[in-house]
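The values are calculated or read from the model by the stated rules, or taken from the named source; none is laboratory data. Since we're looking at a predicted model, the values are computed, not measured. Cβ atoms come from the backbone with ideal geometry, glycine included; neighbour counts cover every protein chain shown. These accessible areas exclude ligands, DNA and RNA; they are computed on the full protein's heavy atoms, side chains included. Shrake-Rupley method; radii C 1.70, N 1.55, O 1.52, S 1.80 Å.
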Amino acid sequence: MRFGWRAISGPVLTAATLLLATLLDRFIPTPSPAPLLIGIVALAGALSGLASAITSAAVAVIGAALFFLSRHGIPPSAADLVRLGLLAFTAAGTAGITGLMRERLLGTFAAERRSHATAARLSAALDQVDIGIVLLDAETRAEFINRAFRDYFAVPDEIADGKPPFIALMYHSRDTGAFELPEDELGIFIAQRMEMVRIGDATPINIALRNGEVLRFVCAALPDGGRMLSYTPVTDLVRHTDTPSRADYYRSLRDPAGRKLIRYLRVAE
């Protein structure tokens, strides 16, 4: 037990209460301070833990015995012994319950702090990579959107931090002209991506952006029913692996017209 003000407050308050009750009882009939003592034991357990609560309970029982002896003399009556027994049992139970509850709560709070610190470090780390990361819950709402995804698709922080549904992110990208697709194919493209996310299809596909970048999209199903979406930049990889037989496909990924991309996506699926 650490000897701070929290640790000594319970025993000191218990002793002060008993001393005051004993002094008052010399002049006016004073009711038993047992209920007040139990409350002080509970307060000691909540403030400082099991050791302080047990110490306060011991002081309460000893002080109550002296209080009854000063009132009725020696030997104590049977009623006084019964009261002392009940006080000892109740005080010990109260000390144990409140002290252990405090320890458990402190352990829970410490675990939550560690968990939040780990999550904060992980979030900061994911903001440093160039892979776009989106974590969706079971209802496909975005619980986390890293910096790379926000930059690729021009998602403002106020939208990203508001936990938008994935469909809202898709429509935002459509409205800002992020995809290198013709207008009449955007609806089909969004519907296909939503279906992939819904069923947890992990088939990788390439997505061309209007700024010339190419991202490889992968959806991973999580154990809790959520999804992790990753958007890996593969622009340089695609360019370095161009082959004459697929020249039209690679040009479709970089060509501003982008008319052939959706057909290749459909074939890939």
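Below are the figures for this structure:
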{"quantity": "Residues located in the range 41-53, provided they are open to solvent by 10 Å² or more (accessible area, probe 1.4 Å), aliphatic (A, V, I, L, M) and under 15 Å from V12 (Cβ atoms)", "calculated": "L43, L47, A51"}
{"quantity": "Single residue of S70, S56 found to be open to solvent by less than 60 Å² (accessible area, probe 1.4 Å) and either among the polar types (S, T, N, Q) or modelled with pLDDT of 85 or more (or both)", "calculated": "S56"}
{"quantity": "Subset of the range 150-173 (residues that are under 15 Å from I207 (Cβ atoms), open to solvent by less than 40 Å² (accessible area, probe 1.4 Å) and small (G, A, S))", "calculated": "S173"}
{"quantity": "Condition check for R216: open to solvent by 70 Å² or more (accessible area, probe 1.4 Å), in a strand (DSSP E or B) and either in contact with a helix residue (DSSP H, G or I) (Cβ under 9 Å, 6 or more places away or on another chain) or at pLDDT 50 or above (or both)", "calculated": "yes"}
{"quantity": "Qualifying residue in the range 97-104 (condition: free of Cβ contacts under 8 Å to residues at least 60 places away in the same chain, of a type in the set (D, E), closer than 30 Å to G225 by Cβ and open to solvent by 40 Å² or more (accessible area, probe 1.4 Å))", "calculated": "no"}
{"quantity": "Tally of residues being in contact with a Phe, Trp or Tyr (Cβ under 8 Å, 6 or more places away or on another chain) and surrounded by fewer than 18 Cβ atoms within 10 Å (Cβ to Cβ) across the range 1-31", "calculated": "2"}
{"quantity": "Any hit, the range 153-162, residues being under 30 Å from I38 (Cα atoms) and either touching a Lys or Arg at 6+ places or on another chain (Cβ under 9 Å) or part of a helix (DSSP H, G or I) (or both)", "calculated": "no"}
